[in-house]
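A.B. asks: Here it is, the structure in full.
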Amino acid sequence: MTTALVTGATSGIGAAFARRLARDRHDLVLVARDAGALRRQAAELHDRHGVEAAVLRADLASDEGIAAVEARLSDPRRPVDLLINNAGFGQKGAYLEVPVADELRMLTVHCEAVLRLTTAAAGPMRQRGRGGVVNVASVAAFLPRGTYGASKAWVVRFTEGAAHDLAGSGVRLMALCPGFVRTEFHERAGLGTDNIPGWMWLDADRVVDAALRDLARRRTVSVPDPRYKVLMAAARLAPRGALGAISSRAGRRFGPRHGAAGGHGRQPAAGRGGALGETIRQGD
């Protein structure tokens, strides 16, 4: 039986990956910050599907948390066959409204952790001649929209470059770029969603099903819905200046509700033990 490691595993897309992979009879290593939620999820998946589900509590905004997951991925006695780099979070507020410390924390989770964990997994996979890595990005990667979009653009480009370098090794790498997905992500980040058209919402389980199909087809970038494929094709043809203006207006319309609890989106600084206050992650 193969083993998959999923970061940000306790909710949203990460939880959907864990459910699907358990149903497909993969043993699991579930990574998130909430130890209680991890234990409950592991017990449920074990009881329902009969798979082994280990838990690893780690904060991927900290060097210690990243190192702990690196060590698990690098353990030759317990090989990981599939890595799902899903952990991430959104910020309330536009550029200069969010403290630089919180922007840097986002880059640590979205970029440094993805780089280090992909590297820790891909090396042993290449030695074994098989394995896969899915780095969860976003359609925001294709739009000029703040640090979140920029960090997800890095995920896409890094994954494409690594996939090219590992071609023929048996290791598959893919960037997953969903649009709006019905999870706790937006609500917990304080992002207004009431005005987002119903047709733009995706189901997390269907996103995961499409992602795994695309991984099996050896695609390097997956946009898991025809509606968003059309939107992204149009975005590539639009002038950059016009695209930036559209993205900014869309962010104001569909983004954070200023004046709600939390003011202008300033996030509390990290407390002791790496706690992140109101900064919201996928799969805490």
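The values are calculated or read from the model by the stated rules, or taken from the named source; none is laboratory data. On a predicted model such as this, the values are computed, not experimentally measured, just so you know. Cβ: placed from backbone, ideal geometry, glycine included. Neighbour counts: every protein chain shown. What goes into the accessible areas is simple: the full protein's heavy atoms, side chains included, and nothing from ligands, DNA or RNA. Shrake-Rupley method; radii C 1.70, N 1.55, O 1.52, S 1.80 Å.
A.B. asks: Just the residues that are touching a helix residue (DSSP H, G or I) at 6+ places or on another chain (Cβ under 9 Å) and not in a strand (DSSP E or B), please, taken from the stretch 54-69.
C.D. replies: Within the stretch 54-69, Ala58, Asp59, Leu60, Ala61, Ser62, Asp63, Glu64, Gly65, Ile66, Ala67, Val69 qualify.
A.B. asks: crowded, with 21+ Cβ neighbours inside 10 Å and either of a type in the set (Gly, Ala, Ser) or on the phi > 0 side of the Ramachandran plot (or both), is that true of Ala53?
C.D. replies: Considered against the rule, which asks whether it is crowded, with 21+ Cβ neighbours inside 10 Å and either of a type in the set (Gly, Ala, Ser) or on the phi > 0 side of the Ramachandran plot (or both), Ala53 comes out as yes.
A.B. asks: I've got another one for you. If you go through the stretch 1-17, how many residues are under 10 Å from Val51 (Cβ atoms), modelled with pLDDT of 95 or more and not hydroxyl-bearing (Ser, Thr, Tyr)?
C.D. replies: So the count comes out to 1.
A.B. asks: Return yes or no: is Ala113 crowded, with 21+ Cβ neighbours inside 10 Å, within 18 Å of the chain's Cα centre (by Cα) and modelled with pLDDT of 95 or more?
C.D. replies: yes
A.B. asks: Here's something else I'd like to know. What are the residues in the stretch 210-230 that are of a type in the set (A, V, I, L, M, F, W, C) and within 17 Å of Lys152 (Cα to Cα), if any?
C.D. replies: Ala211, Val221, Val223, listed by residue number.
A.B. asks: Among the listed residues Val31, Val51, Val6, which satisfies the condition of being touching a residue at least 12 places away in the same chain (Cβ under 8 Å), outside any helix (DSSP H, G or I) and farther than 30 Å from Ala101 by Cβ?
C.D. replies: Val51
A.B. asks: Search the stretch 91-114 for residues that are within 19 Å of Gly8 (Cα to Cα) and of a type in the set (Asp, Glu) and pair each with any residue that is outside any helix (DSSP H, G or I) and open to solvent by less than 30 Å² (accessible area, probe 1.4 Å) when their beta-carbon atoms are under 7 Å apart and the residues are at least 6 apart or on different chains.
C.D. replies: That search, which allows pairs on different chains as well, returns Asp102/Gln91; Asp102/Gln267; Asp102/Thr279.
A.B. asks: Mind listing just one residue for me: the one in the stretch 86-107 that is touching a Ser or Thr at 6+ places or on another chain (Cβ under 7 Å) and open to solvent by less than 10 Å² (accessible area, probe 1.4 Å) and, of those, modelled with the lowest pLDDT?
C.D. replies: Phe89
A.B. asks: Of all residues in the stretch 56-72, count the ones that are under 17 Å from the mean Cα position of the chain (by Cα) and open to solvent by 50 Å² or more (accessible area, probe 1.4 Å).
C.D. replies: The number of residues fulfilling the criteria is 1.
A.B. asks: If you go through the stretch 19-27 one residue at a time, do you hit one that is within 18 Å of His110 (Cα to Cα) and modelled with pLDDT of 95 or more?
C.D. replies: no
A.B. asks: Among Arg130, Arg126, which is in contact with a strand residue (DSSP E or B) (Cβ under 6 Å, 6 or more places away or on another chain), open to solvent by 50 Å² or more (accessible area, probe 1.4 Å) and either within 25 Å of Pro79 (Cα to Cα) or not aromatic (Phe, Trp, Tyr) (or both)?
C.D. replies: One residue alone meets the criteria, Arg126.
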